[in-house]
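The values are calculated or read from the model by the stated rules, or taken from the named source; none is laboratory data. All of these numbers come straight from a predicted model, not from anything done at the bench. Because the Cβ atoms are built from the backbone with ideal geometry, glycine has one as well, and the counts that use them run over all protein chains shown. Quick note on the areas: whole protein, heavy atoms, side chains included, nothing else; ligands and nucleic acids left out. Shrake-Rupley method; radii C 1.70, N 1.55, O 1.52, S 1.80 Å.
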Amino acid sequence: MEIETRLYPYGKREAKQLEELDQWTESFRANVSCAREIEEAIRTYGDGESGALCREAAQSILDRWGFKRTTFVLANTLREEGSYGRFLSEENRQWQKEQYLPSDHENRYFTVDTAGVFLDAFIGQVREAYKALNLLGPEHCQPDSFSSLDYEGKVLVLSPDVLKESYWNEHAMLWYAHDGFGCSPHAIGRSIRCTCLGDGEMTRWNRADFIGALEDRYLPDWAVKKLAELKSAEQSRSSHPDMGEMTMK
């Protein structure tokens, strides 16, 4: 069963300044528990003689703690315990560089204590599991979307960081931008009114919540139909602004 505790993204000092120390403490305890359970999973599924690690190792942790916290704990381990670096594959070294971690003296308490060969294998399994989700990312978006592109009338990719992991799929990530100050890359306002192509929900997100504007070639077939319906309805409302209104005489 997956743990619901929210991963707190800042360090203890920032938490105190923001008066969110309770949130930090809860997340910190979950980080420590996650690290200890990774160690146990490696002991359970690792072969000390061959150095092999069964694929169930990472999945058992992901099922319980999710990608966000598991990734956070693993990246923290590599930063705090520099000696692991020599055991990492080139892919895992690059992965480490891409992870964001707040500086915090308390981070040393949730490092994973295991053999370097097992840690490298475990990280590889986590990366493979994430890749298998086939999530949309920056590589699917128009270049320099955030800094230079007007988002109005475009399909945007919502960042997985703002979604619960149970919604990590393209149906929840693709949104059509209607309007809002946030559509402009240079406006002070950040809000964008948009509609989810997956379920039709209309709400407002901030510009920074999106990875970028999706390139047309990556738009899935189901979304092409939904997008056409949205644009048709939008054009109809524009042509007949009083449609649906009744005048009582």
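Quick notes on this one:
- The chain: angle of helix 56-80 to the longest principal axis, Cα-based, in degrees nearest 10: 80 degrees
- The angle between the Cα long axis of helix 116-131 and the longest principal axis of the Cα atoms of the chain comes to about 20 degrees, rounded to the nearest 10.
- Summed residue charge, Cβ within 14 Å of ASP47's Cβ, Lys/Arg positive, Asp/Glu negative: 0
- Hull shadow area, averaged, the range 1-114 [alpha-carbon convex hull, nm²]: 7.3 nm²
- For the chain, calculated [θ]222 nm from helices alone, where every DSSP H run of n ≥ 4 adds -39500 (n - 2.57): -13500 deg cm²/dmol
- Taking every C-alpha pair closer than 8 Å and separated by at least 6 residues, the mean separation divided by the residue count of the range 62-155 gives a relative contact order of 34 percent.
- Over the chain, Cα pairs under 8 Å with separation of 6+ residues give a relative contact order of 15 percent.
- Carbon/sulfur fraction of accessible area - the chain, other protein chains in place, 1.4 Å, %: 49 percent
- The C-alpha atoms of the chain define a longest principal axis, and helix 221-239 lies at about 30 degrees to it.
- Listed by chain and number, the lysines whose alpha-carbon sits under 16 Å from that of LYS164, ignoring those within fewer than 8 places in the same chain, are LYS68.
- Separation of the alpha carbons by more than 21 angstrom is noted, of LYS131/LYS154; LYS97/LYS154; LYS154/LYS225; LYS97/LYS131, for LYS131/LYS154; LYS97/LYS154.
- Local charge for SER89 was computed over the other residues whose Cβ lies under 15 Å away, with Lys and Arg +1 and Asp and Glu -1, and equals 0.
- Taking every C-alpha pair closer than 8 Å and separated by at least 6 residues, the mean separation divided by the residue count of the range 128-195 gives a relative contact order of 30 percent.
- Among the protein heavy atoms, those of GLU139 account for about 120 Å² of accessible surface (1.4 Å probe, every chain in place).
- Radius 9 Å from Cβ of VAL112, net charge of other residues (Lys, Arg +1; Asp, Glu -1): -2
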